[in-house]
Amino acid sequence: MTTSRRTLMTAAAAAGLAATAVATGTGTAYAKDGGRAVKEHFGTLADGTKVDRWTIRNGRTRLSVLSYGGIVQSLEIPDRHGHLANVSLGFADLDSYVAGSPYFGALIGRYGNRIANGRFTLDGHAYQLPVNDGPNSLHGGDKGFDKRVWSVEPFERAGNVGLTLRRVSPDGEMGYPGKLTVRVDYTLTPTGDFRIDYEATTDKATVVNLTNHTYYNLGGEGTGSVYDHRLEIAASRYTPVNKTLIPTGELAKVAGTPFDFRRPKAIGRDIREAHQQVLYGQGFDHNFVLDKGITSRPEHIATVGDPESGRVMRIATTEPGVQFYSGNFLVGTLAGTSGKVYRQGDGFCLETQHFPDSPNQPGFPSTVLRPGQTYRSTTVHSFSTR
Ligand code: BGC
């Protein structure tokens, strides 16, 4: 992309993208009448596929999403003084995402988190998935949904501004059975909430567990540690793991452990406790069993607040679990969007989901999807300040 085109788009976005279409060298800069969606060229993959970056805004929230991986590349929200900052970790260019991203902002599929030894059995058939994390399969295998190009279309309805992402995952992709037809809506509501709706259907029995892997730093990406952020999770139990981070099957009580976030607690407070589970995760990297269980409508499950900026994020979901990951494997080897190096604990993820390794855990809520059924999942992130 040329500098002038980037400048043009940025200026257009800043101007609120009123009524005019904005022309660029690639011809598709997009600003429908009264619309608030802008498309720009972000980069080109080695096979020649062009990748777009879409930017939408509503209220004071501004969201940029890539057609590659459905990646949340930037999410800007105001602090208590009204100053905007990008609170999601990521990169400024496509090559960095392709070269090796720890799933920054990405859509995760077909299966969020780990499946033990990349194996499961469904209706008597054994399936082998690619193993890409020690002995296990993580986040859908080595070329999961985070590395695929999605079709993206903007929409506006009833004050909501959003993007619909679509992709058909062929039967057998990454070892998973069934042709999976997937739709994900990223919506900014009139109050600037960020809502994600997932939908999927299949032509053969399969397993599905979709999520989004945004790393947040409510102080702004690249501003350092999130250990002072105060986190509350409405979960009385969590799923302890073995040393390869596969759940043991137990639903252990959080009471009296570093995993007790039932009242707001600084993320860093107990992160150096010599608890076996903290050692296995090198910090927090665990699925919390949400007290509300599976719900047909999103219900509140977590609040995170940054005392410094005053930014607060509340999360509601239909899912029964959330993977709280405290950015343990950010080790100073990646420079983020604003050019600052990310170090351990510089971001956190709250990945709403079904539990890891459910296909091998009869006691966990089922992740099986059959022909004729529709997989649905919704998560809403609401932003405010204090
Ligand atoms: C996993 C972590 C992993 C991270 C990035 C999280 O969902 O639980 O173990 O390192 O994603 O891949």
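The values are calculated or read from the model by the stated rules, or taken from the named source; none is laboratory data. Nothing here was measured: the structure is a model prediction, and the numbers come from that model. Using ideal geometry, Cβ is built from the backbone for each residue, glycine included, and neighbour counts are taken over all protein chains shown. What goes into the accessible areas is simple: the full protein's heavy atoms, side chains included, and nothing from ligands, DNA or RNA. Shrake-Rupley method; radii C 1.70, N 1.55, O 1.52, S 1.80 Å.
Key figures for this structure:
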item: Summed side-chain charge close to residue 291 - residues other than residue 291 whose Cβ falls under 10 Å, Lys, Arg +1, Asp, Glu -1; result: +2
item: Prolate/oblate/rounded label for the chain (Cα gyration tensor, a/c 1.5); result: oblate
item: Mean Cα-pair separation over length for the stretch 11-385, i.e. relative contact order, pairs under 8 Å, 6 or more apart, %; result: 16 percent
item: Average accessible surface area per residue within the stretch 11-385, 1.4 Å rolling probe, Å²; result: 38 Å²
item: Sparsely packed chymotrypsin sites (Phe, Trp or Tyr not before Pro) within the stretch 300-386, loop by DSSP, other Cβ within 10 Å at most 13; result: 329
item: Protein accessible area in the stretch 60-182, 1.4 Å probe - carbon and sulfur %; result: 49 percent
item: Among 59, 336, 219, residue whose mean-square fluctuation peaks in a GNM of the chain (springs only between Cα atoms under 10 Å); result: 59
item: Three-way shape label, the stretch 136-276, alpha-carbon gyration tensor, a/c 1.5; result: oblate
item: Residue 204 accessible area, assembled protein chains, probe 1.4 Å, Å²; result: 100 Å²
item: Whether the stretch 198-323 is rounded, prolate or oblate, judged on the alpha carbon gyration tensor where a/c under 1.5 counts as rounded; result: oblate
item: For the chain, built as a Gaussian network whose Cα springs stay under 10 Å, the top-fluctuating residue of 52, 93, 346; result: 93
item: Net lengthening on full extension, residue 300/residue 98 (0.36 nm per residue, minus Cα-Cα); result: 69.3 nm
item: Residue-averaged [θ]222 nm for the chain, counting only DSSP H segments that reach four residues, each worth -39500 (n - 2.57); result: -2000 deg cm²/dmol
item: Phi-based couplings in Hz for the stretch 56-70 (Karplus 6.51, -1.76, 1.60; Gly and Pro marked x); result: 10, 9, 7, x, 9, 8, 10, 10, 10, 10, 9, 5, 7, x, x
item: Whole-percent carbon and sulfur share, accessible surface of the stretch 240-318, 1.4 Å; result: 47 percent
item: Candidates 367, 333, 191, ranked by Gaussian network fluctuation over the chain, Cα under 10 Å, top entry; result: 333
item: Whole-Hz ³J(HN,Hα) from phi, Karplus 6.51 cos²θ - 1.76 cosθ + 1.60, for the stretch 226-236, glycine and proline x; result: 9, 4, 7, 4, 9, 10, 10, 10, 7, 9, 8
item: Given charges at beta-carbon only (K, R positive; D, E negative), |dipole| of the stretch 11-385 in Debye; result: 400 debye
item: Using θ = phi - 60° and Karplus 6.51 cos²θ - 1.76 cosθ + 1.60, couplings along the stretch 212-217 (whole Hz; Gly, Pro as x); result: 10, 10, 5, 9, 9, 9
item: Where Cα atoms sit under 23 Å apart: lysine pairs in the chain separated by 8 or more or lying on different chains; result: 13
item: Contour minus Cα-Cα distance for residue 252 and residue 265 (0.36 nm per residue); result: 2.7 nm
item: Computed FRET value (nearest 0.05) for residue 205 with residue 329, which takes r as the C-beta separation and R₀ as 30 Å; result: 0.35
item: Length added when fully stretched, residue 128-residue 151, from 0.36 nm per residue minus Cα-Cα; result: 5.5 nm
item: Paramagnetic reach from residue 376 in the stretch 173-194 [backbone N under 15 Å; point 7 Å along Cα→Cβ]; result: 183-185
